[in-house]
Structures are given as C-alpha cells and as structure tokens.
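Q: I have a structure here, written as structure tokens, and I will follow up with some questions on it.
All of the numbers you see were taken from the coordinates with simple rules; none came from a lab. Predicted model only: the values in this text are computed from it and were never measured. Note that each Cβ is placed from the backbone with ideal geometry, even for glycine, and that neighbours are counted across all protein chains shown.
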Amino acid sequence: MDVFIEPVLPKPELLIVGHGRIAETLAAAGAEVAIVDMDLEGAKPVAEALQKRGAGAIAVQADVADQHSG
C-alpha cells in the first residue's frame, strides 16, 4: 500500500485508534503515532516494535469513547 502524507506539519503526528497495520504504514511514512488502547499492555508491544524500527511511537491507555479517560 502506498501512503502519502501531505507535509502540512513539519512532522505529522497521528492518534491511532484500533492499531495494527495502519500504524505501521503511517509510521513508515514518517508520522509520529500514539497507539491508544483501553488495554495498555496490548498497545505497548505495537509501540515498542515501531520504536525499534526508528519510528516515533508511544503507547497510551485510554477509552476514546469516554471524554474523561486517559
């Protein structure tokens, strides 16, 4: 899959909900990503794998359906 991120920001920063291949693709394209999951232990391995590849990635525990979460 080819991904193009318009360089609106010096370095795109994205919030990824429902992480997986899209996070990998966007990080490979140069975006910094936050892997958000209600289960922090589920988000950590994804963020760590991206970091090992040199991507800017963090794991965040939050319920995106709850405005008071995270």
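Q: Counting Lys +1, Arg +1, Asp -1, Glu -1, what net charge surrounds Lys44 among other residues with beta carbon under 13 Å of its beta carbon? Walk me through the numbers on the way to the answer.
A: Numbers: positive: Lys52; negative: Asp37, Asp39, Glu41, Glu48.
With Lys, Arg at +1 and Asp, Glu at -1, the neighbours total -3.
Q: Can you tell me the length gained on complete extension of the stretch Lys52 to Ala28, counting 0.36 nm per residue apart and subtracting the Cα distance?
A: The Lys52-Ala28 span can extend by a further 7.5 nm.
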